[in-house]
Amino acid sequence: HHTTKTTMNPRALFLPILSRGLSSSSYHYPNIGWFSSPLMATRSYQKGEGSNSAKRGRQRFKPGGPVKQKTHRKNEHNKPTTETALPPPPPITNADDGPFPSYFTCRHTYEDSLIEELKLLAPDITLSSPFPGCVRMEETQILDDQSDHQWIDPVYALQSLPNCHVMQGQNSIKSIAKAIAENSTLMKQLQTAPRGSLRIHALVPGVGKGQRDPILMRRSQLVAETLRDILRKSYRACRRPSTNPETSLSQNGLEQIPLDSVQNSDNTWLLQIMLLSPDVAAVSLAHCRSMGELDTCLWPNPDYIAGIAKVDIDSKMPSSAYRKLLEALACMQTKPKPSDVVVDLGASPGGWTQALLLHCQCQVVAVDRSPLDSGLMQHNNVQFISGDAFNYRPSSPVDWMA
C-alpha cells in the first residue's frame, strides 16, 4: 500500500543544518538547509552476502514461513478483508520485573537491515522480526537504563516503541483499556505531565506491511479511545490544553493535540498501543525529545502512527522519488516558505521540483545535465540550469538545497 522506497529514517536522510553557514572546501553557503544523499547509508545486498542471505526481506514472510498464507476472512466488525494470520503474542510482562521489550517499525523488506544496524550497538542483544515491518529488541542489561533504551534512533527505523509492557485483558475492549490505566509503573510517569501533552497512537502488526484494513485495527482504535476517556478523569495530560480548546484528528480518528499547543519537546508524551491479539497489547509510554538540530523533530515520533507519513500526491508526477522529500519534511515538521529559494541538485526528471512547487509554493533552481519534464521547464517558479550538480555554485544566497 505504501509504495515509497525510502529505506531509512527520513530524519537521517535529510538532515537540515540550521547554522549561520555551511562551509565546504571551496565555497560557503549562507543560511542553507541541507539535504544529504540517501546513497551515503544505502547498502545493497547480493545473494550469498552475509548470514541468512537466502531469506531476506519478503522471502522470510512467504507462504510456508512464520506467517500463514493469506486467506479471505471477516474482521471483528464483519467487514470483508484479506489479512495474514497474526503471530503468537510474546510473554506477559510483570509490572515490576519485566521483561520490557522494545519494538522498532521499518519499511517492509528492511527488517534484516535494521537488525544488522541494531547489532552494531551491542552484538549480544537478542533481536527478532515477529511480523513484517517490525523488529523486536529483548530487554538487555546492556541497555537497561530506560533513558538509553528509549533514545535509540536507528537510521532504518521509522518509529520506536521503547520499554513495552505486554498486558492482557479479559477479551473485551474495556478490560484491556482498564488494565493499561491500572498499570502504576506506566501511569506514574504522567502524574507531572502538563495539560494536553499526551498523544495516543493505536496500531497493529499489519500497519508495518501497509495493509489497507489490518486485522484488529478498529479494535485497537477503540481500546485507545476508551483508555483516553478513562485517563482524562485522573491525568491532565489527557485533557485538552486550556490555551487552545480545538483539536485535530489523527490518522486513526483519535483526538490529537495540535503542534502549536506544545511549546517544546519536554511537553510531549506518546502512548502507543499495539494490539497483538484480541486480548493482548504491547504498550509503550515515552517522553519524546528533539533529535538533532530541529526542536520540531521528535523521537519517538508523536505525529505519525508507526512513523509512516501519508505523502502521496494525486496529480501525475514525473517520478515517485518525491515521496522521500515529503516524508522528510513531514517528520521534521518544517518546510520551505513560499518566499524561500530552493536549489534542487540533480533535479531531472523533476519529481522533487514539482513536489516543492505543489507542497511549498517556493522558488526552485533545478540543476541537472538532463532536462526536466516539459511542464516544469516552462514553469514561472522554476529556473533550470544545465550542468553538473556537483560543480554547481549559487551566484547568490539560497535558503535550502535538496
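Among 390, 131, what's the order by accessible area (1.4 angstrom probe), most exposed first?
From most exposed to least exposed: 390, 131.
On the Cα set of the range 324-402, report Rg and Dmax in Å, please.
11.7, 32
Round to a whole angstrom and tell me the spacing of the C-alpha centers of the range 287-319 and the range 194-242.
18 Å
Once phi is turned into ³J(HN,Hα) by the Karplus curve 6.51 cos²θ - 1.76 cosθ + 1.60 with θ = phi - 60°, what whole-Hz value does each residue of the range 373-384 show in order, with x for glycine and proline?
4, 4, x, 6, 4, 9, 6, 5, 9, 10, 10, 8
Report, by chain and number, residues whose modeled amide H sits under 5 Å from the one on residue 159, excluding near sequence neighbours (fewer than 5 apart, same chain).
Amide H neighbours of residue 159, under 5 Å, 5+ apart: 105.
Given a 1.4 angstrom probe, I'd like the percentage of the accessible area of the range 259-400 that is carbon and sulfur, rounded to a whole number.
46 percent
Pulled fully out, how much extra length does the chain show between residue 172 and residue 377, if you take 0.36 nm times their separation in residues and subtract their Cα-Cα distance?
The residue 172-residue 377 span can extend by a further 67.9 nm.
Could you please report the charge total around residue 366, scoring K, R as +1 and D, E as -1 over all other residues with beta-carbon less than 11 angstrom from its beta-carbon?
Taking every Cβ under 11 Å from that of residue 366, the sum is -3.
Any idea of the accessible area per residue across the range 335-378, 1.4 Å probe, to the nearest Å²?
About 43 Å² of surface per residue is accessible.
Sort 374, 220, 129, 395 by heavy-atom solvent-accessible area, probe 1.4 angstrom, most to least.
Descending accessible area places them as 395, 374, 129, 220.
Taking R0 as 35 Å, what's the FRET efficiency between residue 386 and residue 334 from their Cβ-Cβ distance, rounded to 0.05?
Efficiency at R0 = 35 Å is approximately 0.70.
Out of residues 5 or more away from residue 344 or on other chains, whose amide H comes under 5 Å of its own, with H placed 1.01 Å from N in the peptide plane?
Correct list: 365, 366, 367, 402.
5 Å is the cut-off here: which amide hydrogens, built 1.01 Å from N in the peptide plane, fall below it relative to residue 392, excluding neighbours closer than 5 in sequence?
Close amide H contacts, sequence-distant or interchain: none at all.
Hey, what do the phi angles of the range 213-223 turn into as Karplus ³J(HN,Hα) couplings, whole Hz, using 6.51/-1.76/1.60 and θ = phi - 60°, x for Gly and Pro?
Taking θ as phi minus 60°, the curve returns 9, x, 4, 6, 5, 5, 5, 4, 5, 5, 4 Hz for the range 213-223.
Express in Å², to the nearest 10, the accessible area of residue 201 obtained by rolling a 1.4 Å probe over the protein heavy atoms while all chains stay in place.
10 Å²
For an R0 of 30 angstrom, estimate the FRET efficiency from the Cβ-Cβ distance between residue 232 and residue 125 and round to the nearest 0.05.
Efficiency for this residue pair is about 0.20.
The values are calculated or read from the model by the stated rules, or taken from the named source; none is laboratory data. Bear in mind the structure is a predicted one, so any value in this text is a computation, not a measurement. A quick note on method: Cβ atoms are made from the backbone with ideal geometry, for glycine too, and the neighbour counts reach across all protein chains shown. All accessible areas refer to the heavy atoms of the entire protein, side chains included, with ligands and DNA or RNA removed. Shrake-Rupley method; radii C 1.70, N 1.55, O 1.52, S 1.80 Å.
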